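Reading through the structure tokens given below for one structure.
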Amino acid sequence: DWVVPDFVVVPGGNLGNVSAIAKGFQMVYDLGLINKLPRLVCAQTHSANPLYRSFKTKFKKYKPIRAKKTLASAIQIGDPVSVKKAIRALEAFDGIVEEASESELANAAGRANRTGLLCCPHTGVALAAVEKLVAQGVIKKHHRVIVISTANGLKFTDFLFKYHTGKLKGIDSQYAYQAIELPPDYNMIRDTILRKTEA
């Protein structure tokens with residue numbers, strides 16, 4: 001209904017999505033279709049967080065880093081191409097940059113998946129950022145928040161399987177389901193799902 005959310009949260013790697021979202025909202029605002037702009041939140045993994053580090057200096061300093069291995073592999077970027085555009089967008093939209101550890105992103109995805117979502121680890125980064133901003137009192141109960149999911153969980157079945165079987169190194173899977181391994185047999189899978197949902 002053209003109601004603008006209070007916050008739009010997006011995982012950030014190369015950072016083009018941050019500036020693109022800002023540009024889209026700005027265009028709709030300039031056309032007079034909306035009467036306010038949301039606050040933008042860029043969520044980075046602690047293993048690849050050059051924008052977060054710059055945000056901590058109010059964007060006065062920026063230095064590329066060597067990204068470390070992360071479960072959120074698509075945003076494992078230490079020298080983002082669109083960093084200048086992203087900083088301009090975040091400054092214009094009263095933006096925030098937050099980070100998530102590997103444990104925080106994995107468990108945020110695990111918690112969301114318990115509600116019926118099927119999150120990728122990158123969406124887990126964004127959800128973990130939301131949880132942290134709620135805990136800090138930045139996002140309040142009355143706020144409307146949109147989290148951009150940048151990929152379907154089915155693209156990251158290895159991550160999901162390891163999370164739910166406790167095989168992610170250094171991660172305590174707090175929201176794991178009991179994994180059930182089945183052969184690729186439609187009838188057996190359907191019957192197992194029906195049996196488990198009736199229980």
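For the chain, modelled as a GNM whose springs connect Cα atoms under 10 angstrom apart, the maximal fluctuation among 14, 35, 152 occurs at 35. A straight chain from residue 141 to residue 117 at 0.36 nm per residue would run longer than the Cα-Cα distance by 6.5 nm. Alpha carbon centre of region 139-158 versus region 31-88: separation in Å? Here the two parts' Cα centres lie 17 Å apart. For the chain, the solvent-accessible area with a 1.4 angstrom probe is 59 square angstrom per residue. For the pair residue 4 and residue 197, label points projected 7 Å from Cα toward Cβ lie 4.0 nm apart. In the set (1) 19.2; (2) 18.0; (3) 18.6, which value of Kirkwood radius over Cα pairs in Å was calculated from the structure you see? It is the one labelled (2).
Seen against the Cα atoms of the chain and their longest principal axis, helix 16-30 is set at about 60 degrees.
DSSP beta bridges confined to the chain are antiparallel in about 5 percent of cases.
Highest GNM mean-square fluctuation among 186, 62, 177, for the chain modelled with Cα contacts below 10 Å: 186. Taking only Cα atoms, what is the 0 to 90° angle, nearest 10, from helix 121-135's long axis to the longest principal axis of the chain? It works out to around 60 degrees. Among 99, 181, 91, the largest mean-square fluctuation in a Gaussian network model of the chain (Cα springs under 10 Å) belongs to 181.
A simple spin-label model places pseudo-atoms 7 Å from Cα toward Cβ; at residue 180 and residue 31 they are separated by 4.7 nm. The length gained by stretching the chain between residue 101 and residue 158 to full extension, at 0.36 nm per residue less their Cα-Cα distance, is 18.6 nm. Quote the accessible area belonging to residue 114 in square angstrom, nearest 10, computed with a 1.4 Å probe and with ligands, DNA and RNA left uncounted. Accessible area, nearest 10 Å²: 120 Å².
Estimated from helices alone, the mean residue ellipticity of the chain at 222 nm is -12000 deg cm²/dmol (sum of -39500 (n - 2.57) over DSSP H runs with n ≥ 4, per residue). Would you mind telling me the share, in percent, of accessible area of region 102-199 contributed by carbon and sulfur at probe 1.4 angstrom? Of the solvent-accessible surface of region 102-199, carbon and sulfur hold 55 percent.
The values are calculated or read from the model by the stated rules, or taken from the named source; none is laboratory data. Note that the coordinates shown come from a computational prediction; the quantities given were computed from them, not determined experimentally. So basically every Cβ, Gly included, is an ideal-geometry build from the backbone, and we count neighbours across all protein chains shown. Quick note on the areas: whole protein, heavy atoms, side chains included, nothing else; ligands and nucleic acids left out. Shrake-Rupley method; radii C 1.70, N 1.55, O 1.52, S 1.80 Å.
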